[in-house]
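Colleague: Before anything else, here's the structure in question.
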Amino acid sequence: MAPLLTLVFVGLLSLSGLHAVQHAPKIQVYSRHPAENGKPNFLNCYVSGFHPPEIEIELLKNGVKMNAEQSDLSFSKDWTFYLLVHTEFTPNGQDEFSCRVKHVTLEKPQVVKWGKFLSSFLSY
């Protein structure tokens, strides 16, 4: 009986150690197409390389949460996770668009701004 209890205890310790591995998310904010003022487009926030899988991702317009869709949670070969959050938007040169991510590895929510120039540059 004692060997069985030892085996169960070691197994539980091993499982609890899996939760100790944490990786901070990498955040990319970009538009689907090169941005043009007044032309409808899609805003994407791709968050990858994070663990554990519990995460909150929001797209913001002038600091206010936008209605957005989220992909299914998926994992990479290294067992870190990734998600895509996206929504339709129309850039106009005045509004500020960004992505806010909350994760246990971050001291405070991280906000990454979308930039028209940078997004257009990365689209090619």
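Any read-out appearing in this document is the output of simple, stated calculations on the displayed coordinates, not a laboratory observation. Remember, it's a predicted structure, so these values are computed and weren't measured experimentally. In this analysis, Cβ positions are derived from the backbone assuming ideal geometry, glycine residues included, and neighbour counts consider all displayed protein chains.
Colleague: Looking at the range 29-124, which trypsin sites (Lys or Arg not before Pro) are in a loop (DSSP not H, G, I, E or B) and have at most 12 other Cβ atoms within 10 Å?
Modeller: In loop regions of the range 29-124 (DSSP not H, G, I, E or B), the sparsely surrounded trypsin sites (Lys or Arg not before Pro) are Lys77.
Colleague: Run through the range 59-105 and list the chymotrypsin sites (Phe, Trp or Tyr not before Pro) located in a DSSP loop whose Cβ has at most 15 other Cβ atoms within 10 Å.
Modeller: Of the chymotrypsin sites (Phe, Trp or Tyr not before Pro), the ones in loops of the range 59-105 whose Cβ has at most 15 other Cβ atoms within 10 Å are Trp79.
Colleague: Taking R0 as 41 Å, what's the FRET efficiency between Val21 and Glu69 from their Cβ-Cβ distance, rounded to 0.05?
Modeller: 0.90
Colleague: In addition: For Phe42 and Glu107, FRET efficiency with R0 = 22 Å and r from the beta-carbon atoms, rounded to 0.05?
Modeller: 0.10
Colleague: Within 10 Å of each residue's Cβ, count the other Cβ atoms and sort Thr105, Thr80 from fewest upward.
Modeller: With the fewest neighbours first, Thr105, Thr80 line up as Thr105, Thr80.
Colleague: Additional query: Can you flag which of Lys26/Lys108; Lys65/Lys102; Lys65/Lys113; Lys39/Lys65; Lys61/Lys113; Lys26/Lys61 are past 19 Å Cα-Cα?
Modeller: Result: Lys39/Lys65; Lys26/Lys61 exceed 19 Å.
Colleague: Only sites in a loop by DSSP and with at most 12 other Cβ atoms within 10 Å count here; which GluC sites (Glu not before Pro) in the range 23-124 make the cut?
Modeller: Here the sparse-neighbourhood loop sites are Glu54, Glu96, Glu107.
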